[in-house]
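Below is one structure; the comments refer to it alone.
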Amino acid sequence: MKDECIGDFVKLQGKTYPCTVSLTMDLVGGKWKAVILYHLKDEAKRYSELRREMPSVAEMTLSLQLKQLEKDGFVFRKVYGIKPPVKVVYSLTDLGKSFIPILEAITEWGNNVVSEKGERIIVNAADPDEKK
């Protein structure tokens, strides 16, 4: 019998799940959690860097998802300084780093689906020298 099928339920941090797949999806599922982890997989980043790399995520959503990832042990939040403006840097914990192979598999799968059944859309960026 597979490990994920042993027992009727699994429990983590006081929360009960019907199986390990359900547990995993609760921890990293949703629209933005895996995307945030993907952007942190190579290096630590400040909140503003994450916002620039994920312009379509709302600020509130990014903030809430980072807090949840921190609570669940995937992301470490380091605060530099005491008085505002403080510098806050987000990085992956060991648990977060253990998810990198899964992120890479998800990325590869997504790339294959787009190659076979979809298309890439290139949005021309505005000229950086252009005044707004």
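The values are calculated or read from the model by the stated rules, or taken from the named source; none is laboratory data. No experiment lies behind these values; they were computed from the predicted model shown. Please note: Cβ atoms are built from the backbone with ideal geometry, for glycine as well, and neighbour counts cover all protein chains shown. Remember, those area values only see protein heavy atoms, side chains included, never the ligands or the DNA or RNA. Shrake-Rupley method; radii C 1.70, N 1.55, O 1.52, S 1.80 Å.
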Conditions (1) in contact with a His (Cβ under 7 Å, 6 or more places away or on another chain); (2) more than 30 Å from residue 123 (Cα to Cα); (3) not hydroxyl-bearing (Ser, Thr, Tyr); number of the one not met by residue 45: (2)
Subset tally (residues that are under 16 Å from residue 91 (Cα atoms), over 10 Å from the mean Cα position of the chain (by Cα) and charged (D, E, K, R)) for segment 11-67: 8
Hey, residue 47 in contact with a strand residue (DSSP E or B) (Cβ under 7 Å, 6 or more places away or on another chain) and either hydrophobic (A, V, I, L, M, F, W, C) or under 25 Å from residue 12 (Cα atoms) (or both) or not: no
Set 74, 99: member being in contact with a Gly (Cβ under 7 Å, 6 or more places away or on another chain) and in contact (Cβ under 8 Å) with a residue 24 or more places away in the chain: 74
Residues that are assigned to a strand (DSSP E or B), modelled with pLDDT of 95 or more and surrounded by 14 or more Cβ atoms within 10 Å (Cβ to Cβ), drawn from segment 78-106: 89, 90, 91, 92
Inter-residue pairs, beta-carbon under 8 Å, first in contact (Cβ under 8 Å) with a residue 24 or more places away in the chain and in segment 51-63, second not in a helix (DSSP H, G or I), 6+ apart: 57/32; 61/32; 62/32; 62/54
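Residue under question is residue 45, and the condition is that it be in contact with a helix residue (DSSP H, G or I) (Cβ under 8 Å, 6 or more places away or on another chain) and open to solvent by less than 40 Å² (accessible area, probe 1.4 Å); does it hold? Let's see the steps before the verdict.
Numbers: in contact with a helix residue (DSSP H, G or I) (Cβ under 8 Å, 6 or more places away or on another chain): yes; open to solvent by less than 40 Å² (accessible area, probe 1.4 Å): yes.
Here the answer is yes, as residue 45 does meet what is asked.
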Sole exception among (1) at pLDDT below 90; (2) assigned to a helix (DSSP H, G or I); (3) among the acidic types (Asp, Glu) for residue 26, by number: (1)
Odd one out for residue 69 among (1) open to solvent by 100 Å² or more (accessible area, probe 1.4 Å); (2) under 24 Å from residue 13 (Cβ atoms); (3) assigned to a helix (DSSP H, G or I); (4) of a type outside the set (D, E, K, R): (1)
